[in-house]
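Computed from the coordinates by the stated procedures, all read-outs in this text should not be read as laboratory data. All values reported here derive from a predicted model rather than from experimental measurement.
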């Protein structure tokens, strides 16, 4: 099993899907999935999500994904959606975690 939160939660997702021979369980808390954006419209070119979609995960892989709606406590970068409108750090985290969940 592997576990991580915030940016490390993003790495945990990548590790779980990259090393299916090692990890069968992952705990992912408040992942910052949007950091893997590769450009283009908001959440349309996310490299982490693309990688997951291209991986055939075993049926016994279990992932616990959890995110709050009030992420704060450290400097928050400017984040912009597909309309180039500034969105909150919390909104970016929740939307990108939801996108991960739907994958």
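Below, the figures for the structure above:
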| quantity | calculated |
| --- | --- |
| Between 0 and 90°, nearest 10: helix 89-102 axis offset from the chain longest Cα axis | 40 degrees |
| Alpha-carbon Rg with Dmax, taken over the chain, Å | 13.6, 41 |
| Rg(Cα)/(2.2 N^0.38 Å) for the range 1-61, N = residue count | 1.11 |
| The chain - percent relative contact order, Cα under 8 Å, separation 6 or more | 26 percent |
| Estimated 222 nm signal from helices in the chain, with DSSP H stretches of n ≥ 4 weighted -39500 (n - 2.57), rounded to 500 | -9500 deg cm²/dmol |
